[in-house]
Amino acid sequence: MSQKLRSQQWFGKKGKDGFIYRAWMKNQGVPDHEFAGKPVIGICNTWSELTPCNAHFRELAQSVKNGIYEAGGFPVEFPVMSLGETLMKPTAMLYRNLASMDVEESIRANPLDGVVLLCGCDKTTPSLVMGACSVDIPSIVVSGGPMLTGKYEGKDIGTSDIWRFSEANRMGTMSDEALSLSEACMCRSRGHCAVMGTASTMACMVESLGLTLPTNAAIPAADSRRKVLAHLSGMRIVDMVKEDLKPSDILTREAFENAIKVNAAIGGSTNFVLHLLAIAGRIGIDLNLDDIDRLSADIPLLANLQPSGQYFMEDFYYAGGVPVITQMLGEQLQNCITANGKGIRENAKEACCYNEQVISSLDKPFKPQSGIAVLKGNLCENGAIIKPSAASASLMQHTGKAVVFEDIEDYKARIDDPDLDVDEDSILVLKNVGPVGYPGMPEVGNMGLPKKMLEKGLVDMVRISDGRMSGTGFGTVILHVSPEAAAGGVLGLVRQGDIIELDVPGRSLQLKVSEEELQRRRSEQKPNHPEFDRGYVRLYQQYVEQAHLGADMAFLRGKSGSKVSRDSH
Ligand code: FES
Ligand code: MG
């Protein structure tokens with residue numbers, strides 16, 4: 001096998017070149033036999049103290065290493081750009097494509113035969129998977145795991161409570177002291193957000209795509225079994241190299257269809273749409289928004305997890321996790337091959353649901369409606385999305401007058417203004433928060449309600465934007481409007497008082513303004529978003545695709561493969 005190993009094109013060489021490749025590695029205390037034809041496995045690590053959700057990854061990497069050694073591989077850990085959701089401005093999403101380029105080029109340029117992707121916080125999963133797909137050497141994902149459930153004043157809390165607490169604080173029903181106390185209660189252990197937010201959604205996505213060992217998604221970060229999974233994944237990648245089991249073998253169209261169905265059943269984040277489409281674009285699978293709507297339409301919501309339900313990822317793990325969902329969906333899923341070499345349904349054969357409160361069944365689902373509905377209409381010609389399970393049933397068909405905010409600063413300046421022209425039926429419209437317009441498409445789509453309306457006891461209103469929403473967010477929030485305002489979308493032409501008609505069952509979103517009037521407004525329209533003239537952000541603004549395509553950069557679609565390039569010296 002050593003003849004076929006990529007790494008042997010470095011370490012298997014005689015003379016000056018081989019000397020250089022090996023000698024500098026030896027300064028780390030690596031003995032000769034590590035270079036003698038063992039599979040070299042990269043551990044692609046997103047550890048960073050600026051990504052708190054991934055701050056325990058050095059320990060996790062050690063468990064992976066132990067497994068690789070045990071199976072006869074040679075592990076080499078390397079860092080890549082780490083995207084922390086909470087600290088990065090203007091939004092970690094702006095850098096997802098950049099991190100994916102880092103991952104892709106780091107893997108391809110180095111003597112690696114296989115790679116373990118250590119993923120945690122929201123964007124770290126798609127960026128690593130996108131990059132690995134564009135190289136397509138054997139790859140396995142190990143997620144960092146969710147935090148333990150937060151505990152505050154005897155109650156279970158998680159990230160979704162930030163939205164509730166901050167509204168309570170704005171209303172004066174929660175004091176500043178109480179709010180500050182709740183901070184440490186929410187994030188009380190290592191790991192990523194403990195609800196079915198984007199990080200958990202991504203962990204479930206990679207498990208349902210088949211890129212991980214079974215049960216990867218839900219084991220809490222603090223649970224010792226997380227390390228066991230990391231160890232076993234390290235062992236398994238060595239065999240994956242021997243079997244030459246690559247992402248393109250696992251990520252078939254059927255695997256994407258499975259992931260869409262599982263995402264519906266767990267009430268996964270709306271960000272799933274962007275990341276799944278981007279991954280499909282890298283591996284060369286033709287997938288679009290309509291597939292996501294169609295395939296999730298008949299799947300009920302099985303998991304009772306926040307933000308769509310009540311429980312947390314810890315509860316999900318104890319109830320049996322993704323394998324139980326897989327088993328319950330049964331024949332609706334195809335038995336696609338997964339990282340352990342077995343079919344996904346075969347892996348779930350022994351699964352058992354230990355808590356029907358947390359994971360319900362197809363006969364008695366937690367909610368009949370789930371998934372992600374894709375809307376079309378003159379306001380979103382290429383589509384917009386809404387997550388019905390996290391929205392208000394009473395607003396699924398709704399007509400109201402637009403209250404328009406030109407950008408996020410405009411929203412912040414006026415939302416609590418007592419003179420804001422808004423009523424109970426109004427629809428809040430936020431422009432210029434799309435991929436190009438912000439830039440980077442931040443999670444501001446679930447904008448808070450006007451104080452005036454909160455005081456009237458209103459808890460939800462229809463909100464529309466070209467931005468995203470945190471996977472932990474909820475409400476009747478229409479997101480990812482494409483084309484975005486900054487790319488000439490009709491969203492940019494909406495004016496205060498225009499009538500908007502939403503019909504989720506009919507999958508339609510219409511601005512009730514005549515085509516002549518829209519043409520007139522278009523001729524008066526001036527760009528109203530920042531434009532960058534240097535660096536990565538310039539590249540991003542120039543090449544980023546719209547949300548309905550996954551917001552990857554056009555030139556990153558597809559793969560360059562794993563061919564070893566020309567010599568360096
Ligand atoms: Fe990292 Fe929520 S902030 S997962
Ligand atoms: Mg997020």
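Of note:
- For Tyr152, residues with placed amide H under 5 Å, excluding near neighbours: Ile157
- Ordered by the number of other Cβ atoms lying within 10 Å of each residue's own Cβ, fewest first, Met313, Met81 fall into the sequence Met81, Met313.
- Taking the longest Cα principal axis of the chain as reference, the axis of helix 96-109 is set at about 10 degrees.
- Residue (of Gly15, Ala132, Val195) at the positive-pole extreme of the chain, dipole from beta-carbon charges: Gly15
- Under the Karplus curve 6.51 cos²θ - 1.76 cosθ + 1.60, θ = phi - 60°, whole-Hz ³J(HN,Hα) for the stretch 338-347, x wherever Gly or Pro sits: 10, 4, 7, x, 9, x, 5, 6, 4, 4
- Taking the helices alone, the chain has a mean residue ellipticity at 222 nm of -10000 deg cm²/dmol, built from -39,500 (n - 2.57) per DSSP H run of at least 4 residues and averaged over all its residues.
- Along its first, second and third principal axes, ordered by size, the stretch 373-530 spans 41, 34, 30 Å in Cα coordinates.
- Range of Cα positions in the chain per principal axis (Å), largest first: 77, 54, 48
- Between helix 253-266 and the chain there is an angle of about 50 degrees, using the helix long axis and the longest principal axis of the Cα atoms.
- Cysteines not pairable in the chain (beta carbon separation under 4.7 Å absent): Cys44, Cys119, Cys133, Cys185, Cys187, Cys193, Cys204, Cys336, Cys352, Cys353, Cys380
- In sequence order, the stretch 403-420 has phi-based couplings of 10, 9, 10, 6, 7, 5, 5, 4, 4, 5, 6, 10, 4, 9, 5, x, 8, 4 Hz under the Karplus curve 6.51 cos²θ - 1.76 cosθ + 1.60, θ = phi - 60°, and Gly or Pro positions carry x.
- Nearest-ten-degree value, helix 124-135 long axis tilted from longest Cα axis of the chain: 50 degrees
- Working ranking of peptides 364-370, 446-452, 126-132 by packing, defined as the average number of other Cβ atoms within 10 Å per residue, highest first, is 126-132, 446-452, 364-370.
- Antiparallel bridge percentage (DSSP; both residues within the stretch 373-530; nearest 5): 60 percent
- Likely footprinting exposure, Met25, Met441, Met328, fewest C-beta neighbours within 10 Å first: Met25, Met328, Met441
- In the calculated pair-distance distribution of the stretch 266-349, the portion above 14 angstrom amounts to 72 percent of the Cα-Cα pairs.
- Antiparallel content of DSSP bridges confined to the chain, in %, to 5: 45 percent
- Neighbour counting of Cβ atoms within 10 Å sorts the residues Lys526, Lys4, fewest neighbours leading, into Lys526, Lys4.
- Environment charge of Thr91, counting only residues whose C-beta is closer than 12 Å and scoring Lys/Arg +1, Asp/Glu -1: +1
Coordinate-derived values only; no laboratory data. Just so we're clear, the structure is a prediction, and the values are computed from it rather than from any experiment. Positions of Cβ are generated from backbone atoms using ideal geometry, with glycine treated the same way; all protein chains shown enter the neighbour counts.
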